[in-house]
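Structure first, then comments.
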Amino acid sequence: MAQHIAQKLRLTSALLGTVSRKDLAAAFRHVNPKTSFDLGRADKWLQGRAQPRELGVYDDWSKLLGLEQPGAWIAQSDLPGFTAAICARHGIDRTELERRAGAQFEASSGHEERGLGLALAGTYACYSHALSPYYRGQLIRGSLSIEAGPGAHGLTAAYREVLPTGQLLVGGLVTPTKRGLYTLLKEPGGDAHFFLCLFPQSRPGSVLGGYMCGGAIIGPEPQPSLTRILIVRLRDPAPEAWGGYLPPNGSIADDLASLGVTIEQPEVIDRQLAQFLVSDSKDGGASQIPPAEFRAILDLFDRHWLRHSG
């Protein structure tokens, strides 16, 4: 399965010194005049919205970089392994290559992905159902920060929960695509993992929503778990002590107000948000959130954000 294609293409472009998509496409044509790498599709590949489906593109890519590995390896390798291989092959320092790639990325002021990254960057309050069987039925609060990462690494996310057993912190890369927003969050030095699968971000980006999947942290056994999650943008970061389990019958609207997000008709807000967070798949099929349900939440928070902007 292909991964990190956008970042790998940026690193390749930086290595070759190509300053535009046209130059990069010409480099591919130089090794294969009949290459399937073309400008139209390159736009989507560099934005992370799609990836090459034809193996021939990856074979041409391997020839272009002068690698001993086949094209399939380029598609499937992780980003650190790919970076190390091309740096070793061409005798360039990894930090310098990432600096070049980052500089090229910054220079593309009209680049759609960069604009999306800036729009996503910020701090958020998260609400989801507790995964622990000891807190069944309660909501848990977490804080999420998204930042534009250095070099060729795009966006990074850090998610924090304040648990009775101590603070949990996980982080990882964010992958925005046309059909969704994804991030795999890992605990540094630990084994906690969470995966976020969210609706694609839209402007002004007041709220994100979707699913969080992971294992219960507090419990007698590691149960694979799935919950809906609502991620509300904050104008100021939440206090470090904020978070943990929302008290039974606690108000999400009141909790958001304590963080500076005060919305009219809190009782209506609580009812609407609670309904969104309720588990689904009552018919025994796949768990899926109807877009209209999230759109109603999005409309609510977007209107509030725009009224209070500036």
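Points worth noting:
- Summed over the stretch 192-230, residues that are in a loop (DSSP other than H, G, I, E, B) and under 23 Å from Pro291 (Cα atoms) total 8.
- Considering only residues in the stretch 1-14 that are surrounded by 19 or more Cβ atoms within 10 Å (Cβ to Cβ) and of a type in the set (A, V, I, L, M), the one that is farthest from the chain's Cα centre (by Cα) turns out to be Ala14.
- Count of residues meeting criterion [at pLDDT below 90 and either over 30 Å from Leu97 (Cα atoms) or of a type outside the set (Gly, Ala, Ser) (or both)] in the stretch 176-189: 4
- Within the stretch 140-191, being charged (D, E, K, R), in a strand (DSSP E or B) and surrounded by fewer than 17 Cβ atoms within 10 Å (Cβ to Cβ) holds for Glu147, Lys186.
- 2 or more residues of a type in the set (Lys, Arg): qualifying helices (runs of 4 or more DSSP H) within the stretch 1-74: 5-16, 21-31, 39-46
- Members of the stretch 15-49 found to be closer than 24 Å to Met1 by Cβ, of a type in the set (Gly, Ala, Ser) and surrounded by 17 or more Cβ atoms within 10 Å (Cβ to Cβ), listed by number: Ala42, Gly48
- Only one entry in Thr35, Thr18 is under 21 Å from Ala72 (Cβ atoms) and of a type in the set (Ser, Thr, Tyr), namely Thr35.
The values are calculated or read from the model by the stated rules, or taken from the named source; none is laboratory data. All figures in this text were calculated on a predicted structure; none of them were measured in a lab. Every residue, glycine as well, gets a Cβ built from its backbone with ideal geometry; the counts of neighbours run over all protein chains shown.
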